[in-house]
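First up is the structure itself, then whatever we jot down about it.
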Amino acid sequence: MQSDQPSSTALPREVADDVDEATLARVMRTVPLGAAVLAGSAVALLVAGYLLIYILVFIPRGTVG
Amino acid sequence: MSDTHPEMHERWILQTELLWAFGVGVFIAATLSMILFTALKMSVNPPSNVERIDPKTLHLAGEFAEHNLGTTVGGDGSVTVRAIATQFMFLPRCIAVPANRLITLRFASPDVIHGLLITGTNVNTMVLPGFVAQVHTEFTRTGDLLMPCHEYCGLGHSEMWATVQVLPDSEFKPGPGGRVSCAQR
């Protein structure tokens, strides 16, 4: 490496924080729960939209075949 | 769950995934049950009919000759509508049907692919030259419904539409040969 190209770690803000295993475990206990809630809400909204259109629009339009 | 033991964490992830799979399984089962229920109890099915017809001669003789087009009430009381979808009109341009009776709609095309839907109902089909498109339905509300072509069929496509006149039983009176025309209003 040339001297005029300093390492990225020369800047303190580019250096990763020390990982404390206990803190990581605590964070990992809530982050997947948030992902599950987000995915669950998104799927629930889609399913609710599908059911509403099926029951309130499609079925009342009558028989077809 | 433990903060430190990775095995416990794995187990918790597995439980979450199993719960998710259970939820998806319930949704799929509910959807399939709904489709089966509406198909068996309410006769809601995708229209399916494979019946060939020669597009070059269909207007000359047979079922789709001009004198056969429109609404016909059979001897057994069944109502059949026959119409031709052609560039750029439906023949006839107005179709009279009774409310609250099972109706058979039959369409054929002598030229290109057309399609149609009847607004406010689930009637929706393509009309392919060489095949008879058939849909069974029951109109529950009286009034005039728009029936546009919904498959681009050429420059005049946007002008291609017909009217479906849903009449109450008191106004649906078959004439000679069981023919019914649109009421003049």
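Residues considered: B:168, B:148, B:176, B:98. Of these, the only one that is without any contact (Cβ under 8 Å) to a residue 12 or more places away in the chain and either surrounded by 15 or more Cβ atoms within 10 Å (Cβ to Cβ) or farther than 22 Å from residue B:58 by Cα (or both) is B:176. Screening residue B:154 on (1) over 24 Å from residue B:67 (Cα atoms); (2) under 15 Å from the mean Cα position of the chain (by Cα); (3) of a type outside the set (A, V, I, L, M, F, W, C) shows it passes everything except condition (2). Restricting attention to region B:8-22, does a residue exist that is of a type outside the set (Asp, Glu) and either more than 22 Å from residue A:37 (Cα to Cα) or touching a residue at least 40 places away in the same chain (Cβ under 8 Å) (or both)? No, the conditions are met nowhere in region B:8-22. Scanning region B:98-129 for residues that are in a strand (DSSP E or B) and among the polar types (S, T, N, Q) turns up B:104, B:124, B:125. For region A:4-32, residues that are at pLDDT below 80 and facing another protein chain (nearest Cβ under 10 Å) total 3.
In this structure, is residue B:89 within 14 Å of chain A (Cβ to nearest Cβ) and surrounded by 11 or more Cβ atoms within 10 Å (Cβ to Cβ)? So residue B:89 does not fit the description; no.
The values are calculated or read from the model by the stated rules, or taken from the named source; none is laboratory data. Small disclaimer: the values here were computed from a predicted structure and weren't measured. Reconstructed Cβ throughout: ideal geometry from the backbone, glycine too, with neighbour counts over all protein chains shown.
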